[in-house]
1. Determine the shape class of segment 4-299: with a ≥ b ≥ c the square roots of the Cα gyration tensor eigenvalues, call it rounded for a/c under 1.5, and otherwise prolate if a/b is greater than b/c, oblate otherwise.
2. State, to one decimal in nm, how far the label point of Gln20 lies from the label point of Asn272, with both points 7 Å from Cα in the Cβ direction.
3. Could you sort the peptides 41-50, 156-165 by per-residue average Cβ neighbour count (10 Å cutoff), highest mean leading?
4. Give me, ordered by chain and number, the residues 5 or more places off His247 or on other chains with an amide H under 5 Å from its own placed amide H.
5. Read phi for every residue in segment 245-253 and hand back ³J(HN,Hα) as whole Hz from Karplus 6.51 cos²θ - 1.76 cosθ + 1.60, θ = phi - 60°, with x for Gly and Pro.
6. Taking every alpha carbon pair in segment 72-205, what does the distance histogram look like in 10 angstrom bins from 0, in percent?
7. Each residue of segment 260-267 in turn: what ³J(HN,Hα) in whole Hz from Karplus with 6.51, -1.76, 1.60 and θ = phi - 60°, glycine and Pro shown as x?
8. Would segment 155-270 count as rounded, prolate or oblate if I go by the C-alpha gyration tensor, calling it rounded below 1.5 in a/c and otherwise prolate when a/b exceeds b/c, oblate otherwise?
Amino acid sequence: MTITVKALTEHIGGEVTGVQLNQPLSADMIEAINDAMNQYGMLVFRNQPLTQSEQIQLARSFGPLDMGLKKLKVRKDRLDHPELADLSNVTDDATGVVERTHKKIVGNIANQMWHSDSSFQRPGACYSMLSAVRVPADGGDTEYTDLRAAYDALPDSLKSEIADLQAEHYVLHSRFLLGDDDYTEEQKNVIPPVLWPMVRVHPGSGRKVLFVSAHARAIDGMTIAEGRMLLMDLLEHATQPQFRYRHHWQPNDLVMWDNRATLHRGRRFNLNQVRELRRATTLDINAPELTAVERELAHA
Ligand code: OGA
Ligand code: MN
């Protein structure tokens with residue numbers, strides 16, 4: 001028995017049937033999912049109730065897990081596993097929604113800017129697996145865009161202009177844009193900015209990727225103004241409707257995306273309504289850009 005995948009749009013997204021994700025996955029099943037990910041960039045699995053431990057187990061079958069923003073220690077964990085990111089607006093006991101001024105709300109809002117998870121660190125993220133527990137009556141969709149189709153559609157002049165450029169990604173850039181700058185010097189420096197080529201090759205498909213993101217704040221070797229404007233133009237290009245898929249959540253949906261080939265963003269919703277999702281993410285420990293030392297550390 002293997003999976004069936006139905007394309008959701010021309011460029012991005014597949015809806016998968018024929019697998020139960022709360023069970024341990026066979027090597028063949030993992031390969032089938034990897035193949036589908038390499039083709040579609042993101043996959044939707046409906047009706048997949050997962051406990052927190054099951055979600056961790058699922059994610060671990062695709063690689064070592066990422067801690068991402070947790071290194072900043074901005075707030076204490078609500079969930080059972082440090083590797084699970086709390087994408088919710090609920091109180092620690094999950095009985096209500098937090099105040100709009102709560103630190104986690106600005107995090108939710110920052111997620112509404114187009115980004116690739118953990119592009120602010122090396123290694124970055126490979127697969128993100130987001131599980132919906134409770135969803136608002138309306139709003140709160142998540143959108144995805146295909147950075148491979150976006151690269152292909154660039155004019156040749158722009159392709160050659162950016163071929164050898166690198167962008168600087170910084171963890172708090174999108175927070176600062178939202179006026180959220182209340183961090184200690186230590187927190188600001190825990191994850192120093194990193195460079196990524198603006199054109200990367202996606203190992204799973206061999207296709208080129210236009211690697212832009214809300215985390216990118218500068219282009220190496222350019223003035224801030226020129227670099228930032230080019231980044232904004234390229235992000236606008238990469239997120240045109242023809243490259244996108246919009247996911248409308250139902251409880252127990254599991255959506256898996258490849259951060260090496262796609263961007264995503266949350267959409268606005270009524271903050272008085274409960275929205276509760278959780279994410280586990282694998283590290284991109286085989287990224288071809290990693291230095292020998294980075295690779296060794298990542299595999300340790
Ligand atoms: C994420 C993310 C957006 C959303 O889980 O990494 O950015 O819609 N989520 O919650
Ligand atoms: Mn994200």
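1. Since a/c stays below 1.5, the shape of segment 4-299 is classed as rounded.
2. 4.1 nm
3. 41-50, 156-165
4. Thr142, Glu143, Tyr144
5. 10, 10, 9, 9, 6, 10, x, 6, 6
6. Binned Cα distances yield the sequence 9, 33, 35, 18, 5, 0.
7. For segment 260-267, the Karplus-derived couplings read 7, 10, 9, 10, 8, 8, x, 10 Hz, x marking Gly and Pro.
8. Details: a/c = 1.67, a/b = 1.04, b/c = 1.61.
Because a/c hits 1.5 or more and a/b fails to exceed b/c, segment 155-270 counts as oblate.
A short reminder: the numbers here are calculations on the coordinates, not readings from a lab. Note that the coordinates shown come from a computational prediction; the quantities given were computed from them, not determined experimentally. Ideal geometry is used to build each Cβ from the backbone, glycine not excepted, and the neighbour counts take in all protein chains shown.
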